[in-house]
Each structure stands twice: as structure tokens, then as C-alpha cells.
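A short reminder: the numbers here are calculations on the coordinates, not readings from a lab. Bear in mind the structure is a predicted one, so any value in this text is a computation, not a measurement. Backbone-built Cβ (ideal geometry, glycine too); neighbour counts: all protein chains shown.
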Amino acid sequence: MSHPLVDQLRFTRSEWLRGLKGVTEEGAVVHHGQMNCISWTVGHLAWHEHRTWLVRAQNTILYPEINKLYGYGAPMSTPSLAEAMKMWRAVTKASEPFLDTLTTELLQAELLRNGKPVGQSFGSVLRRITYHYWYHIGEVQAMRQMLGHQHLPVFVGNIEKQAPYRPECF
């Protein structure tokens, strides 16, 4: 059984995908003023998970170019939604075995970069990534409204069945 916080991240990822349902390649590359487009945001969340669960936690690099393309502060770009989703799916799939190892003890351990502490525990970064998704879920829904999309998700999905509250059991 995975840690309850890992369950919350997985639920959040499913809500992310629910919020992207129906987005077309054409809609995904529209920029609204200074906002990045939807496809860039998909790559950006892949970057955050890649940096944390693959590079920092396991010293694994699937996409060497991901920091330059999608990292915080990266220049605005207009990637293909299909390419960004392919990257996101590969990164999240590759992170799954590591996420399954997380226990309360490991979540309290310091995250390292190049062997040095980054000032954040695995638990804090797990929460940060989860909350980062929710920030961008709202942003993407706003962009979709500006694109004229109808029948969008308007509330958090079925958390009671997919990731119900359960006390920490580790």
C-alpha cells in the first residue's frame, strides 16, 4: 500500500488528466497574453516531476533538455501537445517505482542535489508538486474557458473513492 501522500499525488495527476480531456493540439498551443500555453504547462509539470523523482531522487535523466525547455523561468515556447504529453507520461511512469518506496521515514529525509541538501524534505517536495498541479489545473481551466470550451470540470473529482482520507499507516 502506498503512502497516503503518494495517493494524493496520484489522484491529483488523474485530476490533471481529467482537466485536459478534450484539449486539441490547436487549442493547446494558444497563448493568452503573457501566459504559457497548455502544452508548455504539460511539459513544465513533467519537468518538476523529472527534476525531483528522477534526477534528484534516483540520479536518472530521461530528458536532458527538459530544464532548458520547461524549467521555471524557461522562455515561452509552443511545443506540440502530443510531444509534451508523451514526455509527461514517460516521466510519471518512470517515477512510480520510486514513489512506491516512500514511507513516513523517507518522506522526512532531506532531498539532495549533487550530494548536498536543498533545504527540503521528500515530504515537502511531494506536497509542493501536488499543489503545483492544482495551481496549473486552475490555470488550464481558465485558459480553456477563454478558448470557449464547454462542459469543463468544475469541482474536484471523486476523491472519496480514488484517494480517501486514511490515517498515516507507516
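Computed quantities for the displayed model
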| read-out | value |
| --- | --- |
| Residues (of a type in the set (S, T, N, Q) and under 30 Å from residue 103 (Cα atoms)) located in segment 2-35 | 2, 8, 12, 14 |
| Among the residues listed as 102, 107, 62, 69, the single one being free of Cβ contacts under 8 Å to residues at least 40 places away in the same chain and in contact with a His (Cβ under 8 Å, 6 or more places away or on another chain) | 62 |
| Hits in segment 30-54 (condition: of a type in the set (A, V, I, L, M, F, W, C) and surrounded by fewer than 18 Cβ atoms within 10 Å (Cβ to Cβ)) | 30, 35 |
| Qualifying residue in segment 142-150 (condition: loosely packed, with under 15 Cβ neighbours inside 10 Å, more than 19 Å from the chain's Cα centre (by Cα), small (Gly, Ala, Ser) and part of a strand (DSSP E or B)) | no |
| Residue in segment 8-21 that is out of contact with any helix residue (DSSP H, G or I) (no Cβ under 7 Å at 6 or more places or on another chain) and farther than 12 Å from residue 140 by Cα present | yes |
| Filter result for residue 70 (aromatic (Phe, Trp, Tyr), surrounded by fewer than 20 Cβ atoms within 10 Å (Cβ to Cβ) and under 17 Å from the mean Cα position of the chain (by Cα)) | no |
| Qualifying residue in segment 87-96 (condition: loosely packed, with under 13 Cβ neighbours inside 10 Å, closer than 23 Å to residue 125 by Cα and not aliphatic (A, V, I, L, M)) | yes |
| Flag if residue 107 is under 30 Å from residue 1 (Cα atoms) and in contact with a strand residue (DSSP E or B) (Cβ under 7 Å, 6 or more places away or on another chain) | yes |
| Qualifying residue in segment 46-53 (condition: under 25 Å from residue 99 (Cβ atoms), of a type in the set (A, V, I, L, M, F, W, C) and in contact with a strand residue (DSSP E or B) (Cβ under 9 Å, 6 or more places away or on another chain)) | no |
| Search result, residues across segment 102-124 that are surrounded by 12 or more Cβ atoms within 10 Å (Cβ to Cβ) and either touching a Leu at 6+ places or on another chain (Cβ under 6 Å) or part of a loop (DSSP other than H, G, I, E, B) (or both) | 102, 103, 109, 118, 120, 122, 123 |
